[in-house]
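Novice: I have a structure here, written as C-alpha cells, and I will follow up with some questions on it.
The values are calculated or read from the model by the stated rules, or taken from the named source; none is laboratory data. Remember, predicted model here, so these are calculated numbers, not experimental data. So basically every Cβ, Gly included, is an ideal-geometry build from the backbone, and we count neighbours across all protein chains shown. Areas reflect the complete protein model, heavy atoms only, side chains present, ligands, DNA and RNA absent. Shrake-Rupley method; radii C 1.70, N 1.55, O 1.52, S 1.80 Å.
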Amino acid sequence: MKKLFTKAFLGVLAAGISTVAFAQEAAEAAAPVEGGVHQALKTKFIEGSADFMSFVAIALILGLAFVLERIIYLNLADVNPNGMLNDIEAALDRGDVDGAKAIARDTRGPIASIAYQGLMRIDQGIDVVEKSIVAYGGVQSGLLEKNLSWITLFIAMAPSLGFLGTVVGMIMAFDKIERVGDISPTVVAGGMKVALITTVGGLIVALILQVFYNYLLSKLEAILNKMEDASITLLDMVIKYNVKYKK
C-alpha cells in the first residue's frame, strides 16, 4: 500500500516538474502562436512571469499529489462492514471466537481492524473491549486524517504566492514609472498584468484544491460514521456472546 502511494506521489510530482520546466523554457522562446486552451494557458503562464507562476504551479502539483494519495487511501478504506459484521455475529453465536477473529483479520479496512482489536480482548470483559475499540478507533481516525493538513497548507499558500506576485508586479510597475518618468497606461501595463495574472493563478489553484479537500472531508466523515456504527454493533455482539457463553 505504501509503495502504491509513493509511486503515485512521485509520478504526479515528476509530471508537474516537467510541466513547470517546459513553461520556463517557453518563456525564453519567441511569442507563442495562437490556438487552443492549452496554448492560452501557457501564454498566460508566461505573461504572469514564469518565476512566480512556477511556485503557484508547484503548489498545485504538490497539493494534487496529496489529494491523489488521500483519495486512493480513503476509497480503499471505505468498505461496507455489514457482510463482515453478519459473519462475525454468526461465528459468535456458535461460540467460535477464533473464527470471528479470522473474519476480522482477513477483511480489509479500518473497521475490520477495530473489530479484530476488540475480539482479541473478548475474554477480558466488555469494559476492556470497549476501551480497546475506542483507543484503536482513535488510531484509525488519525490514519484516515493523515496528510489532510498538507492539503490545507497548499490551499493557503497558493493565494499567498499569487499575492506575492501581485506585490512584485506593482513594484515592477512603479520602478518603470520611476525610470521613464511617465505614468501612462503603456508604462505600467506590464507590471499590472503580472500582478493580476499571478493573483488569478493563485486563487484558481486554491479553489481547485478546496473542492478536492471538501470531497475528502465528506468521504472521511462517512467512514467515521460507519466506524462508530460498527463499533456499537460489535459491542452488542460481545454482550450477547458473554450472556450466552459466560454465565
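Novice: Could you check how many residues of the stretch 226-247 are under 13 Å from Val129 (Cα atoms), of a type in the set (A, V, I, L, M, F, W, C) and either under 34 Å from the mean Cα position of the chain (by Cα) or not in a helix (DSSP H, G or I) (or both)? So that I can check it myself, show each step before the final result.
Specialist: Narrowing the stretch 226-247 to residues under 13 Å from Val129 (Cα atoms): 231-239, 241-242.
With the extra rule that they be of a type in the set (A, V, I, L, M, F, W, C), the set shrinks to 232, 234-235, 237-239.
Next cut, either under 34 Å from the mean Cα position of the chain (by Cα) or not in a helix (DSSP H, G or I) (or both) only: 232, 234-235.
Selection size over the stretch 226-247: 3.
Novice: Continuing with this model, one more query. Collect the residues in the stretch 187-222 that are among the hydroxyl-bearing types (Ser, Thr, Tyr) and either open to solvent by 10 Å² or more (accessible area, probe 1.4 Å) or modelled with pLDDT of 90 or more (or both), keeping them in residue-number order.
Specialist: Thr199, Tyr213, Tyr215, Ser218
Novice: When the stretch 107-146 is examined, which residues are found to be farther than 26 Å from Asp93 by Cα and crowded, with 19+ Cβ neighbours inside 10 Å?
Specialist: Gln140, Leu144
Novice: Condition (residue is in a helix (DSSP H, G or I), in contact with a Lys or Arg (Cβ under 9 Å, 6 or more places away or on another chain) and either at pLDDT 90 or above or open to solvent by 20 Å² or more (accessible area, probe 1.4 Å) (or both)) applied to the stretch 150-157: is it met by at least one residue?
Specialist: Yes.
Novice: Given the conditions (1) part of a helix (DSSP H, G or I); (2) surrounded by fewer than 14 Cβ atoms within 10 Å (Cβ to Cβ); (3) in contact with a helix residue (DSSP H, G or I) (Cβ under 9 Å, 6 or more places away or on another chain); (4) modelled with pLDDT under 90, and given that Phe163 satisfies all but one, which numbered condition is not satisfied?
Specialist: (2)
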